Ligand code: 13P
């Protein structure tokens, strides 16, 4: 069943769990994520289609495929538009049937980010769609497919976050507290003190981007601090690519259909690992 993420996230927030938001861009990644969610005991899951994957798949195809696959499974599934700074694409995703959208105005001045986010919220909420926005800025680690190498860390300011949420009516806020998009070069330095202040100020589901490579204990501390949605992308890709590349080393190359099945199962492995981290405190 396709749903918006409000109910999923507010329940997760109350129960101190997080819902996994996993990036998808083809049949194999969607199947890999959904198979893992079913196998882990019918967990709610977010299929995050990044605006940067529009060359891989159109919004319409992503919606049709997610609808068909979710109808065949008895789990709540949210099709979410991840990181999109283009308002036209955001509105198109809402019209297409996505359950939630992330309008990413984090690169804009505060007032402009707030005005655009408020506009998105008005349109999305009238259509029963949830909205995520971002305040602060997340740096790029290794092998990241998001943002750019020059992205610098700017921590989310709790007082600005309070004003932003009150004025825009956004459903979930992505915070910058030291996570990076991509793999960490050392041990992540996550500012749980900032997270705690933001959580106190908002009492709303918070979103952690850059989930790949965060140690389990740190994930649990973030969930206790109000994080209810955690995004994972890089590790799914790096695990699948490194395992698939081993299949290409032998004297006889496998058929593409076999690689496609294996891709799905490698994606599932990583998703299962994170679902386990997100559910057990
Ligand atoms: P990683 O690629 O670091 O897992 O981050 C994913 C993400 O934040 C998607 O929005």
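All of 73, 95 fail the test of being away from the ligand (no atom under 16 Å from the Cβ), out of contact with any helix residue (DSSP H, G or I) (no Cβ under 7 Å at 6 or more places or on another chain) and at pLDDT 95 or above, apart from 95.
Mind telling me which of the residues 124, 62 ends up being within 16 Å of the ligand (Cβ to nearest atom), without any contact (Cβ under 8 Å) to a residue 40 or more places away in the chain, surrounded by 24 or more Cβ atoms within 10 Å (Cβ to Cβ) and in a helix (DSSP H, G or I)? Result: 62 is the single residue among 124, 62 that is within 16 Å of the ligand (Cβ to nearest atom), without any contact (Cβ under 8 Å) to a residue 40 or more places away in the chain, surrounded by 24 or more Cβ atoms within 10 Å (Cβ to Cβ) and in a helix (DSSP H, G or I). Cβ-Cβ contacts under 8 Å between residues 6 or more apart (or on different chains), taken from a first residue in segment 4-24 that is on the phi > 0 side of the Ramachandran plot to a second residue that is assigned to a helix (DSSP H, G or I), are listed as 16/223; 16/224. Here is the figure for segment 224-234: residues that are within 13 Å of the ligand (Cβ to nearest atom) and part of a helix (DSSP H, G or I) total 1.
In segment 235-267, the qualifying residues are those that are within 16 Å of the ligand (Cβ to nearest atom) and buried (at least 16 other Cβ atoms within 10 Å of the Cβ), and the one that is farthest from residue 146 (Cα to Cα) is 266.
Can you say whether residue 178 is in contact (Cβ under 8 Å) with a residue 12 or more places away in the chain, more than 16 Å from the ligand (Cβ to nearest atom) and part of a loop (DSSP other than H, G, I, E, B), as far as the supplied structure shows? I'd like the intermediate steps shown before the answer.
Details: in contact (Cβ under 8 Å) with a residue 12 or more places away in the chain: yes; more than 16 Å from the ligand (Cβ to nearest atom): no; part of a loop (DSSP other than H, G, I, E, B): yes.
Considered against the rule, which asks whether it is in contact (Cβ under 8 Å) with a residue 12 or more places away in the chain, more than 16 Å from the ligand (Cβ to nearest atom) and part of a loop (DSSP other than H, G, I, E, B), residue 178 comes out as no.
Just so you know, in segment 31-55 the residues that are within 13 Å of residue 75 (Cα to Cα) and crowded, with 24+ Cβ neighbours inside 10 Å include one that is nearest to the ligand (Cβ to nearest atom), and it is 46.
Of all residues in segment 202-223, those satisfying the criterion of being farther than 22 Å from residue 159 by Cβ, part of a helix (DSSP H, G or I) and touching a helix residue (DSSP H, G or I) at 6+ places or on another chain (Cβ under 9 Å) are 216, 218, 219, 220, 221, 223.
Just name the residue that is modelled with the lowest pLDDT out of those in segment 1-56 that are out of contact with any helix residue (DSSP H, G or I) (no Cβ under 8 Å at 6 or more places or on another chain) and in a loop (DSSP other than H, G, I, E, B). Per the criteria, the residue is 42.
Residues that are surrounded by fewer than 23 Cβ atoms within 10 Å (Cβ to Cβ), in contact with a helix residue (DSSP H, G or I) (Cβ under 8 Å, 6 or more places away or on another chain) and within 18 Å of residue 227 (Cα to Cα) within segment 179-201 comprise 188, 190, 192, 194, 197, 200, 201, listed in sequence order.
The values are calculated or read from the model by the stated rules, or taken from the named source; none is laboratory data. Quantities reported herein were computed from a predicted structural model and do not represent experimental measurements. Because the Cβ atoms are built from the backbone with ideal geometry, glycine has one as well, and the counts that use them run over all protein chains shown.
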